[in-house]
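Enquirer: So that we are looking at the same thing, I have put the structure below in structure tokens.
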Amino acid sequence: MNTKRLVLISLLVLGALILSACSGSRTVSNNWHGLAADAEHAYVASGSHVYAVDLKNGNEVWRYPAEADTKLMFYANPVLTADGQLLIGSAGTAHPFVSLNPATGKENWAESFTKGKGAWLASPLVVNDTIYAPNTDGFVYILDMQGREAADPIEVGGALWSAPVTDGNLIYIASLDHHLHIIDPASGTSSVSIDLGGAAPSSPVVADGGVYVGSFASTIELIQANGSHEVIAKTENWIWGSPVLDGETLYYADLNGKVFSLNTADGSQNWEAAQSDAVVAGLLVTADQIYVVTEAGNLVALDRDGGSLWEKTVGGKLYSAPVISGELILVAPYQAEFTLVAYDAEGKQAWTFIPEK
């Protein structure tokens, strides 16, 4: 199987879906889904709506907007803020960046932010009372918590598909322009850009003194705050999803379907676990298990030593990382009969969510 070719074809299809929305002729819902959750609800970005789903039974609580708008399309993982907002932007021909009330789905801001020139495919980063929102136009827009522009946007370059991360001082953002960009919030500039040798469609993960990032160069790099960097691991195929750091162990996967565990203290590989198909999405790591979703539509649970515990056929294709809330593992498949499905830690299905027409 040529996994690079398959994923490239998938990207072309997804790109075509974005372009098809430009015609305004129909509601487009056939796209990868964004996913977030709190203790009560899952929030799913799917096509022309964002849905809140009751975690107890899988029932719809609300949808935004109430009526489908062919100019809107939602891909990014919604972001819940400490002050009770749900942030997300549209990737359609109309691309407002909005704040919703998680309980009701009503808009919080008097006006949505509309100065972004491209699509909102990335989730924003919230630091204290400031929102950093990356756009595919290559800019990071800086807003206050009321949706007003707080500072001039920062030009990074390349299409920005992934959420920035922060170490508390600097902001790190990966780009499809093959670079990891380091932003100094104090000066509002992108001071350092590191060439990764390949596109980086997913977020880095914060480490002590820097970040780890994977890319289409089939490498994991450790990048320090001062811009120094080194390759710490190589794979046989592209790394699409974000790595996960748990203590001194880094977990990541590649498009060959291999899941890796790396000891960051000495750089040695703990283990690798081969899956039956490409792994595009990031991993979910819990206290006892590692959850993997494959492009072919399977949810796999591994133990912390890489051993297989169980595998479930979800259906469709899985491009979004699973999310945990309480006892539930949430998975949002693309091109499936349902938009969201919940499993328990033993792999028993709790419910599925299919939006009403």
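Enquirer: How large is ³J(HN,Hα), in whole Hz, for each residue of the range 176-193 in order, when computed from phi with the Karplus curve 6.51 cos²θ - 1.76 cosθ + 1.60 and θ = phi - 60°, using x for Gly and Pro?
Expert: 6, 7, 6, 10, 9, 9, 10, 10, 9, x, 5, 9, x, 10, 8, 7, 9, 10
Enquirer: Between ALA233 and residues 5 or more places away or on another chain, which pairs have amide H atoms under 5 Å apart, with H built 1.01 Å from N, and which residues are they?
Expert: Amide H to amide H, under 5 Å and 5 or more residues apart or across chains, ALA233 pairs with ILE220.
Enquirer: Compute the longest continuous run of the chain that contains no exposed GluC sites (Glu not before Pro); treat a site as exposed when its DSSP state is not H, G, I, E or B and it has at most 16 other Cβ atoms within 10 Å. Write out the running numbers ahead of the final one.
Expert: On the way: sites that count: GLU40, GLU67, GLU111, GLU236, GLU248, GLU327, GLU337, GLU346, GLU356.
After excluding every exposed loop site, the longest remaining stretch is 112-235.
Enquirer: Roughly what would the spin-label model give for ASP246 and ALA39, points 7 Å off Cα along C-beta, in nm?
Expert: Between ASP246 and ALA39, the label points sit 2.4 nm apart.
Enquirer: Considering the values (i) 194; (ii) 168; (iii) 122, which represents volume of the Cα convex hull per residue in Å³ as calculated for the structure under consideration?
Expert: Among (i) 194; (ii) 168; (iii) 122, the one calculated here is (iii).
Enquirer: Counting other C-beta atoms within 10 Å, which of LYS234, LYS357, LYS115 has the fewest, and how do the rest follow? Kindly include the intermediate steps, with their values, before the conclusion.
Expert: Values: LYS234 11, LYS357 4, LYS115 14.
Fewest-to-most Cβ neighbours within 10 Å comes out as LYS357, LYS234, LYS115.
Enquirer: Another question, then. Could you calculate the FRET efficiency of ALA345 with ASP266 from 1/(1 + (r/R0)^6), where r is the beta carbon distance between them and R0 is 30 Å, rounded to 0.05? Mind showing how you got there, number by number?
Expert: Working: r = 31 Å, r/R0 = 1.03.
Efficiency, rounded to the nearest 0.05: 0.45.
Enquirer: Right, another one. Please work out how much length the chain gains when fully extended from SER325 to ASP54, using 0.36 nm per residue of separation minus the C-alpha to C-alpha distance, in nm with one decimal. Please report the intermediate quantities before stating the final value.
Expert: Values: separation 271, 0.36 × 271 = 97.56 nm, distance 1.15 nm.
Here the segment from SER325 to ASP54 would lengthen by 96.4 nm.
Enquirer: I'd like the trypsin sites (Lys or Arg not before Pro) in the range 44-97 restricted to DSSP loop residues with at most 10 other Cβ atoms within 10 Å, sorted by number.
Expert: Within the range 44-97, no trypsin sites (Lys or Arg not before Pro) qualify (loop, at most 10 other Cβ atoms within 10 Å).
Enquirer: Based on other C-beta atoms within 10 Å, arrange TRP62, TRP240 from fewest to most. Spell out each step's value before the answer.
Expert: Details: TRP62 19, TRP240 25.
Final ranking by Cβ density, sparse to dense: TRP62, TRP240.
Enquirer: Report, for the range 295-354, the % of DSSP beta bridges that are antiparallel, rounded to 5.
Expert: Numbers: 16 of 16 bridges.
Of all bridge pairs located within the range 295-354, approximately 100 percent are antiparallel.
Enquirer: Considering only VAL126, ALA150, TYR64, whose Cα is most displaced toward the positive end of the charge dipole of the range 46-152, charges sitting on Cβ of Lys, Arg (+1) and Asp, Glu (-1)?
Expert: TYR64
Enquirer: Here's a follow-up. How high is the relative contact order of the range 205-357, in percent, with contacts defined as C-alpha pairs under 8 Å that are six or more residues apart? Could you put the intermediate results ahead of the total?
Expert: Numbers: 391 pairs, mean separation 17.9, N = 153.
Dividing the mean separation by the residue count of the range 205-357 yields 12 percent.
Enquirer: Structure shown: which of LYS258/LYS348; LYS56/LYS234; LYS106/LYS312; LYS115/LYS312 lie over 32 Å apart, alpha-carbon to alpha-carbon? Can you show the working numbers first?
Expert: Values: LYS258/LYS348 24 Å; LYS56/LYS234 42 Å; LYS106/LYS312 36 Å; LYS115/LYS312 43 Å.
Long pairs (Cα-Cα over 32 Å): LYS56/LYS234; LYS106/LYS312; LYS115/LYS312.
Enquirer: Provide VAL50, VAL293, VAL206 in ascending order of the number of other Cβ atoms located within 10 Å of each residue's Cβ, fewest first. Let's see the in-between values first.
Expert: Working: VAL50 25, VAL293 30, VAL206 16.
Final ranking by Cβ density, sparse to dense: VAL206, VAL50, VAL293.
Enquirer: Under the definition of Cα pairs under 8 Å and six or more residues apart, what whole-number percent is the relative contact order of the chain? Present the calculation step by step, with values, prior to reporting the outcome.
Expert: Working: 997 pairs, mean separation 32.4, N = 357.
It comes to 9 percent, rounded to a whole number.
Enquirer: Which residues' amide hydrogens lie under 5 Å from the amide hydrogen of LEU309, considering only partners 5 or more residues apart or on another chain, with H built in the peptide plane?
Expert: It is ALA301, LEU302, ASP303, by chain and number.
Any read-out appearing in this document is the output of simple, stated calculations on the displayed coordinates, not a laboratory observation. In this text, all values refer to a predicted model and were calculated from it rather than measured experimentally. Note: ideal-geometry Cβ built from the backbone for every residue, glycine included; neighbour counts use all protein chains shown.
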